[in-house]
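Visitor: Pasting a structure below so you can have a look.
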Amino acid sequence: MKINKVEPIVLHIPLEKPVVTSFGKMDARTTVLVKVETDTGEYGIGEIWNNFPSWGVYEKVTTLKHGITPLLIGEDPLDIGEINAKLFRALTVLGLQWGALGPIYQSISGIDMALWDLKGKHMGKPVAQLLGGHDRQPVQVYASGIGPGEIENLIESHQEMGVSAFKLKVGKNDEQDFRNLQKMRGMLQPDDKIMIDANQAWDRENAIRNLQRFKAFNLTWIEEPLRCDDFNGYRFVRESTGIPVAAGENLYGERHARMALENRALDIIQPDLSKNGGISECRAMADIARSADVPFAPHFLGGAVCLAASLHFFSAVPGGVLLELDANPNPFREKLFTTPFVVKDGKLAVPQGPGLGMELDPEFVEHYRIDVSSLG
């Protein structure tokens, strides 16, 4: 069995209500999937991160077509480790030279995810089992992406699902952030968890000032209070405030994760399977974190394919505490599969079928698919 085709599948839909962060506004969802096919007709599906900016799709598709596909054709898809080694060996230095580690790691992430899906289907086993997991219990999730605008409806709707942990976006307006935290804490039970995500918005001075003020809300963690590469600053924040610091979605692979942990920058690491190098590289990140007694909480803000992969990953890899679930509506998470995800008692079930265990809805895919054949 050999790889004979790599196909990008790009889905696009405008948003009625934009998603706002400290660094921009997302007014459309654009999901980049990748289908890896073999000469036997077997295939796997992966997802490549593409939230901000939406036009990043051009980088991902072009990287797939010109950088990655020529390296994959003719390879044995079941030898995932060797394929990853080949891709990173060929493309990491290029990414440093190009200044584009992101598009390369994100594109490799989708390929790696698709290969695990393909291998699971071929062997008739769920990805979680391939990763060594056997007790696939439902995974506890937390509601993310809340604020900075109206927050009540999202909190209440997820409380009805049994969710008891919530993450608030901060970093655009300090006073609004404080009011939102007051409101959120008032809506929750005393033992419910509150996390906040600054999306790299603050400098060290602002981070310390705000967090000292926010400590009264008993924060479970602060995510990316500073620029994602300021490891010394992260250590300064966690030591100065006593509030756990979380980050990881912008750490590109095992090497960056090791640097952050060696600098004692993190209390929680947040690998993203669609950004950091896929299932394989995120497992290496989690292994390094475990050796440093640092738990992981997978970052996830994408579509249904990455969510399925994240559930398998969480259930099989030791050291996980919570899985992120974007609280905002997302058709590519809610309707992409023929069988939708359902949060029950604050948890999501791990798909049980072979591979990632879910099937794309072909009519939905074709309805929202955009033509990228001319790119590159």
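Visitor: Considering only residues that are aliphatic (A, V, I, L, M) and either within 15 Å of P225 (Cα to Cα) or open to solvent by 10 Å² or more (accessible area, probe 1.4 Å) (or both), which ones fall in region 245-284?
Guide: So in region 245-284, the residues aliphatic (A, V, I, L, M) come out as 245-247, 251, 257, 259-261, 265-266, 268-269, 273, 279, 284.
Residues satisfying the conditions are V245, A246, A247, L251, M259, A260, L261, A265, L266, I268, I269, A284.
Visitor: Against the definition (in a strand (DSSP E or B), of a type outside the set (F, W, Y), open to solvent by 10 Å² or more (accessible area, probe 1.4 Å) and in contact (Cβ under 8 Å) with a residue 24 or more places away in the chain), how does P14 come out, yes or no?
Guide: The answer is no for P14.
Visitor: Here is a list: A246, A265. Which entry is at pLDDT 95 or above and part of a strand (DSSP E or B)?
Guide: When all the criteria are applied, what remains is A246.
Visitor: Counting residues that are touching an Asp or Glu at 6+ places or on another chain (Cβ under 9 Å) and open to solvent by 80 Å² or more (accessible area, probe 1.4 Å), which helices (runs of 4 or more DSSP H) fully inside region 138-235 reach at least 1?
Guide: Details: elements: 152-159, 174-187, 204-214.
Of the helices (runs of 4 or more DSSP H) lying wholly inside region 138-235, those with at least 1 residues that are touching an Asp or Glu at 6+ places or on another chain (Cβ under 9 Å) and open to solvent by 80 Å² or more (accessible area, probe 1.4 Å) span 174-187, 204-214.
Visitor: Right, next: Looking only at residues that are touching a strand residue (DSSP E or B) at 6+ places or on another chain (Cβ under 7 Å) and assigned to a loop (DSSP other than H, G, I, E, B) in region 27-52, which one is farthest from I104 (Cα to Cα)?
Guide: Ranking the qualifying residues of region 27-52, first place goes to D39.
Visitor: Considering only region 281-299, state which residues are within 21 Å of D197 (Cβ to Cβ) and in contact (Cβ under 8 Å) with a residue 40 or more places away in the chain.
Guide: Initial filter on region 281-299 (within 21 Å of D197 (Cβ to Cβ)): 282, 285-286, 289, 294-299.
Passing the criteria: F296, A297, H299.
Visitor: Then there's this: Go through region 334-358 residue by residue and tally those that are within 22 Å of Q159 (Cα to Cα) and open to solvent by 90 Å² or more (accessible area, probe 1.4 Å).
Guide: Within region 334-358, residues that are within 22 Å of Q159 (Cα to Cα) and open to solvent by 90 Å² or more (accessible area, probe 1.4 Å) number 4.
Here's the yes/no breakdown for (1) of a type in the set (F, W, Y); (2) within 30 Å of K17 (Cα to Cα):
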site: D135; (1), (2): no, no
site: A143; (1), (2): no, yes
site: F178; (1), (2): yes, yes
site: A198; (1), (2): no, yes
site: E224; (1), (2): no, yes
site: G248; (1), (2): no, yes
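Visitor: Moving on to the next point. Taking region 287-311 on its own, how many of its residues are on the phi < 0 side of the Ramachandran plot and part of a loop (DSSP other than H, G, I, E, B)? Full working, then the answer.
Guide: Of the residues in region 287-311, the ones on the phi < 0 side of the Ramachandran plot are 287-292, 294-311.
Right, trim to part of a loop (DSSP other than H, G, I, E, B) and you get 292, 294-295, 297-303.
Of the residues in that region, 10 qualify.
Visitor: Still on this model: If we scan region 104-124, do we find a residue that is surrounded by fewer than 17 Cβ atoms within 10 Å (Cβ to Cβ) and not in a helix (DSSP H, G or I)?
Guide: Scanning region 104-124, I find at least one residue that is surrounded by fewer than 17 Cβ atoms within 10 Å (Cβ to Cβ) and not in a helix (DSSP H, G or I), so the answer is yes.
Visitor: Do we have any residue at all in region 84-102 that's small (G, A, S), in contact (Cβ under 8 Å) with a residue 40 or more places away in the chain and in a helix (DSSP H, G or I)?
Guide: Checked against the condition, which is being small (G, A, S), in contact (Cβ under 8 Å) with a residue 40 or more places away in the chain and in a helix (DSSP H, G or I), region 84-102 yields at least one hit.
Visitor: Within the group G81, G99, which residue is of a type in the set (G, A, S), in contact with a Ser or Thr (Cβ under 8 Å, 6 or more places away or on another chain) and loosely packed, with under 14 Cβ neighbours inside 10 Å?
Guide: After ruling out the rest, the residue left standing is G81.
The values are calculated or read from the model by the stated rules, or taken from the named source; none is laboratory data. Everything numeric here is computed off the predicted structure, so don't read it as measured data. Neighbour counts run over all protein chains shown; Cβ positions are idealised from the backbone, glycine included. Heavy atoms of the whole protein, side chains included, go into the accessibility calculation; ligands, DNA and RNA do not. Shrake-Rupley method; radii C 1.70, N 1.55, O 1.52, S 1.80 Å.
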